[in-house]
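> Okay, here's the structure, questions in a sec.
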Amino acid sequence: GNMPESSLVSVRLADNRRLCVATPSYLKTHGRPRTPQDLSRFDCLTLSSDASQTRGWAFQVPVAGSDTTTNTPTNTEVVHLKPGGPLDCSDGQVLHEWCLAGWGIAWRSTWEVEADLAAGRLVTVLDEFAAPPNGIFAVFPQRKHLALRVRLWIDFLKHHYAQPEFWKSAAN
């Protein structure tokens, strides 16, 4: 995600888009949330780690009083909600397994759930409220005097993360 103010230098390597997902059976039993605020009535599966989702799940919603017929950046804003639920953990893989087991709605990175979405094991909800992607960054102390091997490694990562095939193989 985006770094707070810091003296560190960062280079954006790739976009990280997140989606709300659940199993079709969970949604058949519990219904579908229509707005992000509806999540308070659903079983949300959350990460409890201090390093993950500290601000909550991000959604792009209409600005109060704006024209809601089009979701353009000028009439929407990103809000963060901290949904609750009966289960939370500090391990993203465990949370993914809980979601596949039909225990609730999860907010996951596209690369983590792409294969499950394609196979129909998971479906997305609240797509119209999906926030813009945040970034995956390389962070280092300074740009000056950066070792050649570090610059080459960053270039390598940027190149590979730019390939759609990389993310498909990462999800499997």
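The values are calculated or read from the model by the stated rules, or taken from the named source; none is laboratory data. A quick note: this is a predicted structure, and the numbers were derived from the prediction, not measured. When the accessible area is computed, the model is the full protein with side chains, heavy atoms only, and any ligands, DNA or RNA have been set aside. Shrake-Rupley method; radii C 1.70, N 1.55, O 1.52, S 1.80 Å.
> Let me cross-check Lys144: its accessible surface, 1.4 Å probe, with only protein heavy atoms counted, in Å² to the nearest 10?
Solvent-accessible area, nearest 10 Å²: 150 Å².
> Spelling out what I want: for every residue of the range 11-22, take phi, set θ = phi - 60°, compute 6.51 cos²θ - 1.76 cosθ + 1.60 (Karplus), and round to whole Hz; glycine and proline get x.
So the Karplus estimates, Gly and Pro as x, are 10, 6, 9, 6, 8, 10, 9, 10, 9, 8, 9, 7 Hz.
> Residue by residue through the range 79-89, what is 3J(HN,Hα) from phi via Karplus (6.51 cos²θ - 1.76 cosθ + 1.60, θ = phi - 60°)? Round to whole Hz and write x for glycine and proline.
3J(HN,Hα) across the range 79-89, in whole Hz: 10, 10, 10, 10, x, x, x, x, 10, 9, 8.
> When the accessible area of the range 3-48 is split by element with a 1.4 Å probe, what percent falls to carbon and sulfur? Could the numbers behind the result be given before it?
Numbers: 1230 of 2660 Å².
Ligands and nucleic acids excluded, carbon and sulfur reach 46 percent.
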